[in-house]
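Have a look at the structure below before the remarks.
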Amino acid sequence: MILIVATVILVALAGTAWAAWGAPWLRRAGLRPAAGVAATVTPTRTPRPQTATPTLVPIDLSIALPTATAQPLPTMTPMPASPATPDALTPRLVQVVERYGMDMARRFVVIDLLSQSMTVWDPEAAPRVMPISTGDETRGYRTLAWYGLVGEYWGTFHASGVYADEGWYLFQDAGNILIHGTPYTLVDGQKVYEDVDALGVYPASKGCIRLTPEDAAWFTGWNPKGAPIVILPKDQGLGIP
C-alpha cells in the first residue's frame, strides 16, 4: 500500500516538472508538446504600420508684379525765335549807352547776366546777340558786373583740367576772367565740349564768359581788342530773350 502511494506521488511530480521544463524546450525546438500538456501562447508583436512617403509638389513662390505703364511725355511746342533787329535792340542799347557814357557811333559789347546773352554792337552792321554762360554762384563762382576794355587775345589755353579756344582777356577776379569758347576735353583726338546746354540758359562757368565754338570764332574774327565792354548787373539786364 505504501509503495503504491509513493509511486503515484512520483508520477505527479514528474508531470509537473515536465510541464515546467519540457514544454518550453519543445517549443524552442519547434516541437509540439504531447497531448494533455498545456501550451503557453507567446504574444506576437503587431507590426507598426508604414507611413507613406509624401510626394513633394513644387510650389511657385514668385510674385507677379504689374508692369508699369510709362507716362507719355508732353509734346513740347518750340517757341518762335525773336528776330534780333536793330530797331528792336536799339532802345535798350541806348539806355546802356546813356548809363555808362558809351558811344553808339563806336563798337562795344554788352554782357547781360540776367538773360545769359552777349550783344555785340557795330554801327556798320546789325547787332549780334549770342547765348553765353557765366559764373555759377551755386558752386561758389561768380561773374562780376564790370566795365572796361577787351584785352589781349589768349587763343587756346588750358585751365582746371579742360581746354578752351578763342580766349580774350578781360580782368582779374578770383582768377583770370576771359571770354572764350565752350571748354572741352580731348578724347581720342576729338573735342568733347562740356555744358553746351547751359549756354543762354543758366550760369555754369567758373567766372568766365562762355560762347559756342562758332560764336567764339566769329568774335575773334570781329577783332574785339580794345572795344568797350560792360557786364550788366542782374537787376539792370537788357531783358533780351
Original post:
Does the range 139-164 hold any residues that are within 21 Å of Tyr202 (Cα to Cα) and either charged (D, E, K, R) or in contact (Cβ under 8 Å) with a residue 60 or more places away in the chain (or both), and which are they?
Top reply: Arg139, Tyr141, Arg142, Thr143, Leu144, Ala145, Trp146
Subject >> Search result, residues across the range 181-199 that are outside any strand (DSSP E or B) and of a type outside the set (A, V, I, L, M) >> reply: Thr182, Pro183, Asp188, Gly189, Glu194, Asp195, Asp197
Subject >> Conditions (1) among the β-branched types (Val, Ile, Thr); (2) open to solvent by 80 Å² or more (accessible area, probe 1.4 Å); (3) within 12 Å of Ile111 (Cβ to Cβ): number failed by Ile132 >> reply: (2)
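Being among the hydroxyl-bearing types (Ser, Thr, Tyr) and assigned to a strand (DSSP E or B) is the filter here; which residues of the range 155-165 pass it?
Applying the first criterion (among the hydroxyl-bearing types (Ser, Thr, Tyr)) to the range 155-165 yields 156, 160, 163.
Matches in the range 155-165: Thr156, Tyr163.
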**OP:** Select from the range 100-154 the residues that are among the aliphatic types (A, V, I, L, M), in a loop (DSSP other than H, G, I, E, B) and touching a strand residue (DSSP E or B) at 6+ places or on another chain (Cβ under 9 Å) and list them in ascending order.
**Re:** Met102, Met104, Leu113, Leu114, Ile132, Leu144, Ala145, Val150
Original post:
Among (1) of a type in the set (Ser, Thr, Tyr); (2) open to solvent by 50 Å² or more (accessible area, probe 1.4 Å); (3) under 34 Å from the mean Cα position of the chain (by Cα), where does Thr143 come up short?
Top reply: (2)
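The values are calculated or read from the model by the stated rules, or taken from the named source; none is laboratory data. Bear in mind that the values here come from a model prediction, so they are computed numbers and not experimental data. Using ideal geometry, Cβ is built from the backbone for each residue, glycine included, and neighbour counts are taken over all protein chains shown. Just so you know, the surface numbers come from the protein's heavy atoms only, side chains and all, with ligands and any DNA or RNA stripped out. Shrake-Rupley method; radii C 1.70, N 1.55, O 1.52, S 1.80 Å.
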